[in-house]
């Protein structure tokens, strides 16, 4: 097992739901996080965290530092409702479907999966969620009639029937009508604890007598739990497992332009009943950020996650506004955080910062950093050197490694006994690169006379699920004949998109084959050309914005009305929103 993989506790034998392809999650690969933005007090000692990425990979990241430390996890996962909540991100002219949630649909996910894939998707995430909960922690999972009964059985298997607390019925009103059946106006919220020692605080509510006994009822009881207000006589009662809470309507004060938003009152009841101030709350399907917003207002720390960039943007704005209000009000006894960070997991913008790229890879492998040395760190009995990741590892790199082994040979420990033609030192050297030239291994065998073993690892094959955000590449041809400009896109390649297609469709592809796009125009969303770019303000005279069923033209012409030198700027956006930008100097005659 990889040193940096995270073990998952085996599920005990309990009544189980079976499906095709069911596989227990025994271990999961660790993925580092990359900080992107900070909000609130940038000098704070502690930060809440908002992750953008596949929550399975985010959960694997959290296991390293948060195993057994989260006090409450609420999730409102996709319901497998066959509802397409938002527009898909597709390759133009052709639809690609993944084996699970489509990684091409990052701007919003579509709630459409095959039954078995959906169940395995939830099984894996719930297995890790249990690992993250503290011994006094609780899980609340919201579902509806589509998959609630399946998820209940999976929860029984993972948490144990003895840890099941309640099936809460959230009853709400919405405007749609039913024709052939009763209206479906409730969701199920399954409440499980990590152990029998879970935190729980009873909640109270006003219960009006006229709602129970009718408008003419008058009570003779006058006591602590009795009162009267503008709505009539009431008693204070303990909240039960049927909750009448209004859904979020368009005219609601808390309404956001985001699908599946849940009311804050619903989440407040859950947070108040199972946590204290300063406790840690998580929602790894955070959507519009209601759970995180409530946790922030109630003085809890929080962790959020979503694969949808729209969810991250909505949540970021919402939480930042709350924190700014709280800092102005200076609430006494506040135990939450007045700052949070936005992080990426497994979509690393690595090539803008070589140092950060190296740190991410070292974290991924579990390398212990070294200071004042040619080598970057140690891994078990290996000295580790991470080569620049924006190019292929080559023979010159290996020659430099051999040279530095010779310089520092006194730091290596000789073996007590060894043959002359074998490695004679206890330690070896591990060289990590992104892609390897074909003759590197032969070069090591031929040139390494140090008797220190040199091992090479290629992260592109060794960590094939790791996604590097390489910028798109294009082949452009720009010509001016007289006063006529011609721009032609000869080829376009998006490494990020191809990588995601490869991962998404690896079960369907033959072993060793690669995902391919037959026509590069299919992966281009738009083309904009500024024919007289001034170096600061991009102002496109030519724009190619094809509709969903079309592709770009790829060849463009423009006639100048004056002579002189000009700069042509070309901006190409692919279907994932990645940008390619290049300028060309031309002379109009």
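The values are calculated or read from the model by the stated rules, or taken from the named source; none is laboratory data. Remember, it's a predicted structure, so these values are computed and weren't measured experimentally. Here the Cβ positions follow ideal geometry from the backbone for every residue, glycine too, while neighbour counts run over all protein chains shown.
Conditions tested, residue by residue: (1) in the same structural domain as residue 70 (by TED's automatic domain parsing); (2) closer than 21 Å to residue 260 by Cβ; (3) assigned to a helix (DSSP H, G or I).
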| site | (1), (2), (3) |
| --- | --- |
| 123 | yes, no, yes |
| 126 | yes, yes, yes |
| 134 | yes, no, no |
| 138 | yes, no, no |
| 145 | yes, yes, no |
| 151 | yes, yes, yes |
| 162 | yes, no, yes |
| 165 | yes, no, no |
| 181 | yes, no, no |
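Consider residue 532 against the criteria (1) part of a strand (DSSP E or B); (2) modelled with pLDDT of 90 or more: it satisfies all of them except one. Which criterion is unmet?
Unmet condition: (1).
Scan segment 127-151 residue by residue and report those that are closer than 25 Å to residue 277 by Cα and within 21 Å of the chain's Cα centre (by Cα). Quick ask: steps written out before the conclusion?
Just the residues of segment 127-151 that are closer than 25 Å to residue 277 by Cα, to begin with: 128-142.
Correct list: 128, 129, 130, 131, 132, 133, 139, 140, 141, 142.
Given the conditions (1) assigned to a strand (DSSP E or B); (2) modelled with pLDDT under 85; (3) under 23 Å from the mean Cα position of the chain (by Cα), and given that residue 237 satisfies all but one, which numbered condition is not satisfied?
For residue 237, the failing item is (3).
If I go through segment 222-246 residue by residue, how many of them are in contact with a helix residue (DSSP H, G or I) (Cβ under 9 Å, 6 or more places away or on another chain), more than 16 Å from residue 294 (Cβ to Cβ) and touching a residue at least 40 places away in the same chain (Cβ under 8 Å)? First the steps, then the outcome.
Start the filter on segment 222-246 by keeping residues that are in contact with a helix residue (DSSP H, G or I) (Cβ under 9 Å, 6 or more places away or on another chain), which leaves 231-235, 239, 243, 245-246.
Cutting the leftovers down to more than 16 Å from residue 294 (Cβ to Cβ) gives us 231-235, 239.
This time we only want the ones that are touching a residue at least 40 places away in the same chain (Cβ under 8 Å), so: none.
Of the residues in that region, 0 qualify.
So, in segment 460-494, how many residues would count as being touching a strand residue (DSSP E or B) at 6+ places or on another chain (Cβ under 9 Å), closer than 30 Å to residue 383 by Cβ and crowded, with 19+ Cβ neighbours inside 10 Å?
4
Is it the case that some residue within segment 53-70 is in the same structural domain as residue 321 (by TED's automatic domain parsing), over 22 Å from residue 122 (Cα atoms), modelled with pLDDT of 90 or more and crowded, with 19+ Cβ neighbours inside 10 Å?
no
Would you confirm whether any residue within segment 391-401 is in contact with a helix residue (DSSP H, G or I) (Cβ under 6 Å, 6 or more places away or on another chain), touching a residue at least 12 places away in the same chain (Cβ under 8 Å) and in the same structural domain as residue 457 (by TED's automatic domain parsing)? Break it down into steps so the answer makes sense when it comes.
Here is the first cut: in segment 391-401, the residues in contact with a helix residue (DSSP H, G or I) (Cβ under 6 Å, 6 or more places away or on another chain) are 395, 398.
Pick out the ones that are also touching a residue at least 12 places away in the same chain (Cβ under 8 Å) and you get 395, 398.
Still in the list and also in the same structural domain as residue 457 (by TED's automatic domain parsing): 395, 398.
There is at least one residue in segment 391-401 that is in contact with a helix residue (DSSP H, G or I) (Cβ under 6 Å, 6 or more places away or on another chain), touching a residue at least 12 places away in the same chain (Cβ under 8 Å) and in the same structural domain as residue 457 (by TED's automatic domain parsing).
For segment 34-49, check the following and say yes or no: at least one residue is in contact with a helix residue (DSSP H, G or I) (Cβ under 6 Å, 6 or more places away or on another chain), surrounded by 13 or more Cβ atoms within 10 Å (Cβ to Cβ), assigned to a strand (DSSP E or B) and modelled with pLDDT of 85 or more. Full working, then the answer.
Taking segment 34-49 as the starting set, the residues that turn out to be in contact with a helix residue (DSSP H, G or I) (Cβ under 6 Å, 6 or more places away or on another chain) are 39-40.
Next, only the ones that are surrounded by 13 or more Cβ atoms within 10 Å (Cβ to Cβ) stay: 39-40.
Narrowing further to those that are assigned to a strand (DSSP E or B): 39-40.
Next, only the ones that are modelled with pLDDT of 85 or more stay: 39-40.
Yes, that holds for at least one residue.
Exactly one condition in (1) within 22 Å of residue 237 (Cβ to Cβ); (2) in the same structural domain as residue 291 (by TED's automatic domain parsing) is false for residue 209; which is it?
Residue 209 satisfies all of (1) within 22 Å of residue 237 (Cβ to Cβ); (2) in the same structural domain as residue 291 (by TED's automatic domain parsing) except (2).
Do the conditions hold for residue 201, that is, is it under 23 Å from residue 269 (Cα atoms), in contact with a helix residue (DSSP H, G or I) (Cβ under 6 Å, 6 or more places away or on another chain) and loosely packed, with under 14 Cβ neighbours inside 10 Å? Steps first, please.
Values: under 23 Å from residue 269 (Cα atoms): yes; in contact with a helix residue (DSSP H, G or I) (Cβ under 6 Å, 6 or more places away or on another chain): yes; loosely packed, with under 14 Cβ neighbours inside 10 Å: yes.
In short, yes.
Can you spot a residue in segment 535-558 that is surrounded by fewer than 17 Cβ atoms within 10 Å (Cβ to Cβ), in the same structural domain as residue 577 (by TED's automatic domain parsing), more than 24 Å from residue 586 (Cβ to Cβ) and without any contact (Cβ under 8 Å) to a residue 12 or more places away in the chain?
yes
If we keep just the residues of segment 183-199 that are in contact (Cβ under 8 Å) with a residue 40 or more places away in the chain and not in a strand (DSSP E or B), which is nearest to residue 244 (Cα to Cα)?
184
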